[in-house]
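Report on the structure given below.
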């Protein structure tokens, strides 16, 4: 790789530590899925740094509660809730239409589904691929003019952050049957495919919008216990080694504050100014994946520009973007 981009931060750095010293006054950020988990801490850190933050999520009661809580901590009304269901292309279009022409500086595609049983979105896509990738793809393409406008208005480059996962190692994108219409469904393979798609999307978005003032990077947040595990029985989490027999989370897992830090670094880090198409981890550019260190690093298929172009063309076709 070219000279690896690093920061003074690491795996245990918190989101607010990354944001400290940055002035985001006058800048607007949308964080999807920020009603729970690391999205909450991403929204909090950005708001504490001065940004106007929109929590785009599908649970109004939770989203409003989080917004009110952060506003109370910040001491002003910087955070608001916007209804967004990424499992429905119609709902995504409705969100974008309501948003209108207002500029956006930061779009954090944080929401996700993990290891769900076979379910389908409102449009018939496999739930993990349809929500994690296709919903975010349509949202981002519809809001791309707003990100370009944000860069022009502020004089600073806008940024898109796409949350991937070490789970990408489980599968590339199966272009012959991405929605499991003819092949047997396997929940972890499907999650891997979706997370590879999230990384490839950042590569594709960067190529198409870097010359218009917008950069895009993928982020691996790390292992964090959040509602993302809602589809996993306790017995399976024990078998995976995530928790012990007493229910204690194993060493190596991050807090939600630590899990949000790489997303925030991708959004504000000076080291990433004008840089895109990367996979970031622990507040640094990720190293290549190896068998010896299988829980960190990025595999080549998640950054393959040809696969990114193929995924982009497919996504345009099926979403009608």
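Sorting 301, 22 by the number of Cβ atoms found within 10 Å of their own Cβ, with the fewest placed first, yields 301, 22. Binning all Cα-Cα separations of region 50-141 at 10 Å, short to long from zero, yields these whole-percent fractions: 16, 44, 31, 9, 0.
So for region 117-221, what percent of the C-alpha to C-alpha distances run longer than 21 Å? In whole percent, the share of Cα-Cα pairs in region 117-221 beyond 21 Å is 38.
Return 161, 219 ranked ascending by Cβ neighbour count within 10 Å, so the fewest neighbours appear first. Numbers along the way, then the final one.
Details: 161 26, 219 32.
In order of increasing Cβ crowding within 10 Å: 161, 219.
Using a cutoff of 8 angstrom between alpha carbon atoms and counting only pairs six or more residues apart, the relative contact order for region 85-151 works out to 48 percent.
By DSSP, the beta bridges lying fully in the chain are antiparallel in about 10 percent of cases. According to the Kirkwood relation over distinct C-alpha pairs, the hydrodynamic radius of the chain is 19.4 Å. Summary of the geometry: region 112-187 and region 270-321, compared by the centres of their Cα atoms, lie 12 Å apart.
When the Debye formula is applied to the Cα atoms of region 252-321, each taken as the same point scatterer, what base-10 log of I(q)/I(0) results at q = 0.19, 0.27 Å⁻¹? Scattering profile of region 252-321, log10 relative to I(0): -0.96, -1.13. Take every Cα pair under 8 Å whose residues are at least 6 apart in sequence, average their separation, divide by the length of the chain, and the relative contact order is 21 percent. Legend: ranking of residues 5, 70, 55 from fewest to most surrounding C-beta atoms inside 10 Å; resulting order 5, 70, 55. From its DSSP helices (H runs of at least four residues, each -39,500 (n - 2.57)), the chain gives a residue-normalised ellipticity at 222 nm of -11500 deg cm²/dmol.
Here, each number is a calculation from the coordinates, and none is a lab measurement. All values derive from a computational prediction rather than experimental measurement. Here Cβ is always computed from backbone atoms with ideal geometry, including for glycine, and neighbour counts include all displayed protein chains.
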